[in-house]
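To start, the structure itself, in structure tokens.
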Amino acid sequence: MKIVIAHLYPDLLNLYGDRGNIQCMAMRSRWRGIEAEVKEYRLQDAVDFSGTDIILLGGGSDREQQIVCTRLQDIRKEMQAYVEDGGTVLAVCGGYQLLGHYYDTPDGRMRGLSLVDLYTEQGDPRLISNVVLQSEELPYEIVGFENHGGRTYIGENRPFGHVVHGYGNNGTDGREGVLYKNVIGTYLHGPLLPKNPHVCDRVLQHALERKYGISELAPLDDTQEREANRYIVNRFHAG
Ligand code: GLN
């Protein structure tokens, strides 16, 4: 068995080491005897998602996002076909914003991919915090870090999690991120998956189910990861 992970524009969208998410997915696959191949796409590369199982779109500053968003319009149709066919996507912060219709800033509107019905408007101040989320689908809390000027509104879509600590999508509605088909969009940066092995396995399981019909992953020993996760939950959410 093998999974193919496409990393879109790692040279531009890699704030706070979003790349660590790739390493986590690859290692948790290999520990289970599943081969993992990572394809890095640069801005000028032609994309072909036909053999792709997971796409990672990381975060970036407004300047980098602007560069990427122009290029994304060229690959929009390929990405849309992939998503509608049940392809797995993890999009973080700037990448999450670009899943939607647009991101408005004082310098103008960045057009998004319109893969998910959401939009983002820049506000003041930046929303910077450690984050704890609860999810209806996952066995324990999701922890992470957010730093964004954008306020995202997901309408009727399901959120990735409910905010226990932090700001989330817009600091007002108590929701964080978005779930759409096998797409996860979230503001949680950097080592999201190493900090949350249950989220990593959810992503892997979606990809393996689509490709091989596998609905359960072999368990791994996550004792230390669970302890680290619990420590963060207790630190930011007393009680
Ligand atoms: N530039 C976007 C914002 O500030 C996303 C930033 C990020 O990816 N951290 O909202």
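Each residue in the range 180-239 was checked for being within 20 Å of I34 (Cα to Cα) and in contact with a Cys (Cβ under 6 Å, 6 or more places away or on another chain), and 3 of them qualify. Being touching a residue at least 60 places away in the same chain (Cβ under 8 Å) and among the charged types (D, E, K, R) is a condition met by at least one residue of the range 140-149. In the range 1-13 there is at least one residue that is among the hydroxyl-bearing types (S, T, Y), surrounded by 19 or more Cβ atoms within 10 Å (Cβ to Cβ), part of a loop (DSSP other than H, G, I, E, B) and out of contact with any Cys (no Cβ under 8 Å at 6 or more places or on another chain).
Listed conditions (1) within 11 Å of the ligand (Cβ to nearest atom); (2) in contact with a Cys (Cβ under 8 Å, 6 or more places away or on another chain); (3) of a type in the set (D, E, K, R) are all met by R111, apart from (1).
One residue stands out among those in the range 89-108 that are part of a strand (DSSP E or B) and in contact (Cβ under 8 Å) with a residue 60 or more places away in the chain: the one that is farthest from the ligand (Cβ to nearest atom), which is V89. Scanning the range 117-149 for residues that are within 16 Å of the ligand (Cβ to nearest atom), loosely packed, with under 14 Cβ neighbours inside 10 Å and closer than 18 Å to L192 by Cβ gives a single hit, I128. Selection of helices (runs of 4 or more DSSP H) fully inside the range 131-239 by the criterion of at least 3 residues being within 19 Å of G87 (Cα to Cα) returns 197-212.
Taken together, R19, R42 contain a single residue that is at pLDDT below 95 and in contact with a Phe, Trp or Tyr (Cβ under 9 Å, 6 or more places away or on another chain), which is R42.
Whether any residue in the range 150-160 is touching a helix residue (DSSP H, G or I) at 6+ places or on another chain (Cβ under 9 Å), of a type in the set (F, W, Y) and within 12 Å of the ligand (Cβ to nearest atom) is what I want to check.
no
Summed over the range 40-85, the residues that are touching a strand residue (DSSP E or B) at 6+ places or on another chain (Cβ under 9 Å), within 16 Å of the ligand (Cβ to nearest atom) and outside any helix (DSSP H, G or I) give a count of 4. Within the range 24-47, the residues that satisfy the criterion of being out of contact with any helix residue (DSSP H, G or I) (no Cβ under 6 Å at 6 or more places or on another chain), without any contact (Cβ under 8 Å) to a residue 40 or more places away in the chain and surrounded by 13 or more Cβ atoms within 10 Å (Cβ to Cβ) are A26, M27, E37, K39, E40, Y41, D45.
The values are calculated or read from the model by the stated rules, or taken from the named source; none is laboratory data. This one's a predicted model, so the numbers in the text were calculated from it and none came from an experiment. We place every Cβ from the backbone using ideal geometry, glycine too, and count neighbours over all the protein chains shown.
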